[in-house]
Each structure stands twice: as structure tokens, then as C-alpha cells.
Amino acid sequence: MSGAPTHRLGAAGWLRANLFSTPGNSVLTVLMLALLAWLVPKAFGWLFLNAVWGAQPVAACDAVRGTGACWAVVWSKFRFMFFGTYPYAEQWRGGLAIAVLCSLLVLSTWRVLWNAWLLLIWVVGIALTFWLMGGGLGLVPVRTEQWGGLPVTLILAIFGVGFAFPLGVVLALGRRSELPIVRSLSVIYIEVVRGVPLITVLFMASVMFALFMPEGLRIDQLLRAQVAIILFVAAYLAEAVRGGLQAVPKGQYEAAEALGLPFWKKMGLVILPQALRASIPPIVNSFISLFKDTSLVVVIAIYDFAYAVKKSVEIDASWKPYFIEAFLFSIVIYWIFCFAMSRYSQRLERELARGAQR
């Protein structure tokens, strides 16, 4: 016999059932509450009450050092944090590029735009982003070696996902193919790439790949990093999609074949929509991991957002003692993007689940 419904237990009943159900749970609850009672006021005081805010000199931070956070370091260094080595006078272009990329992401969450118009919007947005960052056509040219900060992180993550996803789907279909050569090549690619860390792939793309190129031919460093990320993430997405394909009931395959649908129509209209719906959690997990792993491009001398935050306090000895505040700021930025992806994936799962039940 099941217990009483939660809404009938009341607050006291909920506490008894969830926090004080046994002597051990009661002791653990009391200890955790005591820890929070000691930790939260101290953390709140350091983070907010005693902190230095706004455009304050470093002397103001030195006066409260140890008792309050120095958020003035973010105010003083935020342009370097967000744009790295991008020319100071042109950093407004980097800000617009961030706004364009974030707008593209927001528009892509509207299912009403999931048609040819969204593709056109992305093409225009991509062209506008690279025009703003690279210059030309009325803007001062800026080499990719000077790009840095949050725009680089967003470019690597967004285009990494955009191109890795269809490649991952193809690899997943290839791994389940009945053609031995296609299946073997897909398996070899997926297992080899998943067997090495991303930092190795980036190093190969930056250093080793250049050794095999004809003399005088040079491929942009940022482009090489982008291609390396795409190839790496595609292998992980392939396994996520393959799991979704295996979750589709065999009867769906047989029904599509009974209708006489050719392979690509069978996959595009019947199988893949169900497989991708089941694969949303691992796919989004790969997206979130990619967004954070873009910080590894520092090994090939690319100023991503995390590295720009680190260098912003290292190059100025007066602000260097407040590197913790700078890193906490970067953590908040990363968390905002990752949390948004997580929440949207949950909403998308609910919407697609309702659509499948109709």
C-alpha cells in the first residue's frame, strides 16, 4: 500500500519523510544544516556585502582583501576578458558579433522558424559575424590571429556543433550500414577519434598537419582548430545518435519498408525523427562539453574566453592577486550558456514527447 500523497502530508510530514526518516538521516540533515548556517553567511558576505563593486582603483580592493571580493577587477578588465587581443578601437565589432551569434541561438529555439527561413537567417548571420570580426567592405581588416575572447569561444562552439551534428548522423547511419566497407570505415573513425583526447587532435591539426602541406600553403590556425573540433565532436555525436537508432522499435523499420520507402526517405521521415528525440539528452551533453572544451584551444595559441580571462589578470601585476574573482566571473558566463542549453533541451523533450503522443 502506497503512502499518503505528498500534498496531504503537509510541511511537517514532508520534512519527516524526506529529511528525518531515520536516525542516520536526521544526524546527516542536522550536520548539513549546521554547515550551511556557517558557510552561507560567510560566502554571502565575501561575495556581496563586503565586496568592492564598480570602477574602483586597486587600492580599494587592497583595503578589503580577505574580507570581501574585488569585482572591480571585472570592471577594469572586462574588455580584455571578452575580446582578448582584438584591436581595442574595434572591439565594438566583437560585441556586435556576440549579439548576432546569441540572437541566432535564440531564434533557433523557436520551432515556428524551423523551416527554410531559419537556414537563410543563419547564412546571413554567419556572413555578418565574419564580416564584423574579419573586416573588409568598409571595416578595418583584422587577422584571425588577433581574434580572441568570447567571440572565438562562441564561433568554435556554434560552428563546431553545426557541422559536427550532420557528420555525426552520417557516421551513425554508416556504423549500422549493411555494407561492410562503409560500416568498417565508420567504426574505425569513431573508435580512433574517441580513443584520443581533444588536446591531441588540436595539436595534430595545428602542428603535425602543417608538416604534410605543400610548401607555401598555409591554412588559418583558427580554421584548423575549428575542423579539429568538428571531427572530434562528430564521433561522440555518432554514438549518441546510434543509441537513438537502436531505441527505435524494429516494427518502425519494417513499417517503413512495407510502405516501399527508399532508404533516405525511410530514415528522414520515419526513423531519424524518433531516434533524435530519444537522443536529445546525450546530444545536448555533447554540446555542453564542447562549449567548455573550447578552452583547450589555448594549446595552439588561440585566445578563447577562458584564456583571455586568465591573461587579463596575469599581465597586470596590481590586479593579479584578484584572479579568483576573475575566474568566478568566467564560471558565471560559462554557466549561463550551459544552463540555458540544459533547460532548452528539457523543454524540447517535453514538447516532442507531447507531439509523439498525439
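With θ taken as phi - 60° and the Karplus curve 6.51 cos²θ - 1.76 cosθ + 1.60 applied, the whole-hertz 3J(HN,Hα) list for region 121-127 is 4, 5, 4, 5, x, 5, 4 Hz, x standing for glycine and proline. Quick one: Cα centre-to-centre distance for region 119-146 and region 212-253, in angstrom? Cα centroid to Cα centroid, the span is 25 Å. When peptides 181-191, 166-176 are ranked by their average number of other Cβ atoms within 10 Å per residue, the highest-first order is 166-176, 181-191.
Applying a 4.7 Å Cβ-Cβ cutoff to the chain leaves 102, 338 as cysteine residues with no disulfide-compatible partner. If you take all other residues with their beta carbon under 9 Å from the beta carbon of residue 186, and give Lys and Arg +1 and Asp and Glu -1, the sum is +3.
Per-residue 3J(HN,Hα) values for region 215-230, derived from phi via the Karplus relation 6.51 cos²θ - 1.76 cosθ + 1.60 with θ = phi - 60°, read 4, x, 8, 10, 9, 3, 4, 5, 5, 5, 5, 5, 5, 4, 5, 4 Hz in sequence order (x marks Gly and Pro).
Count charges around residue 223 for me, please; just the other residues with Cβ under 13 Å from its Cβ, Lys/Arg as +1, Asp/Glu as -1. So the surrounding residues net to +1.
Of 290, 217, 237, the sequence from fewest to most neighbouring Cβ atoms within 10 angstrom is 217, 290, 237.
Taking the Cβ of residue 148 as the center, what net charge do the other residues with Cβ under 15 Å away carry, scoring Lys and Arg +1 and Asp and Glu -1? Net charge around residue 148: +1.
The count of lysine pairs in the chain whose Cα atoms are under 27 Å apart, excluding pairs fewer than 8 places apart on the same chain, comes to 14. Basic side chains Lys and Arg get +1 at the Cβ, acidic Asp and Glu get -1 at the Cβ, and with that the dipole of region 85-212 about its Cα centre reaches some 260 debye. Among 21, 342, 279, the largest mean-square fluctuation in a Gaussian network model of the chain, built with springs joining Cα atoms closer than 10 Å, belongs to 21. Less than 5 angstrom separates the built amide H of residue 148 from those of 85, 86, all sequence-distant by 5 or more or on a different chain. The simple spin-label model puts a point 7 Å past each Cα toward its Cβ; for residue 53 and residue 339 those points are separated by 1.8 nm. If R0 is 41 Å, the Cβ-Cβ spacing of residue 320 and residue 106 corresponds to a FRET efficiency of close to 0.65. Toward the positive end of the charge dipole of the chain, with +1 on the Cβ of Lys and Arg and -1 on the Cβ of Asp and Glu, the farthest Cα among 344, 85, 324 is that of 344. For the charge dipole of region 214-291, defined by +1 on Lys and Arg C-beta atoms and -1 on Asp and Glu C-beta atoms about the Cα centroid, which residue among 223, 256, 284 has the Cα displaced farthest towards the positive pole? Toward the positive end, the furthest listed residue is 256. Charging the Cβ of each Asp and Glu at -1 and of each Lys and Arg at +1, and nothing else, the dipole of the chain about its Cα centre rounds to 900 debye. Only helical runs count toward this figure. For the chain, summing -39,500 (n - 2.57) over DSSP H runs of n ≥ 4 and dividing by all residues gives -22500 deg cm²/dmol at 222 nm.
Among 209, 163, the order by Cβ neighbours within 10 angstrom, fewest to most, reads 209, 163.
Throughout, read-outs are computed from the coordinates displayed, never taken from laboratory work. Since the model is a prediction, treat every value here as computed from it, not as a measurement. Neighbour counts run over all protein chains shown; Cβ positions are idealised from the backbone, glycine included.
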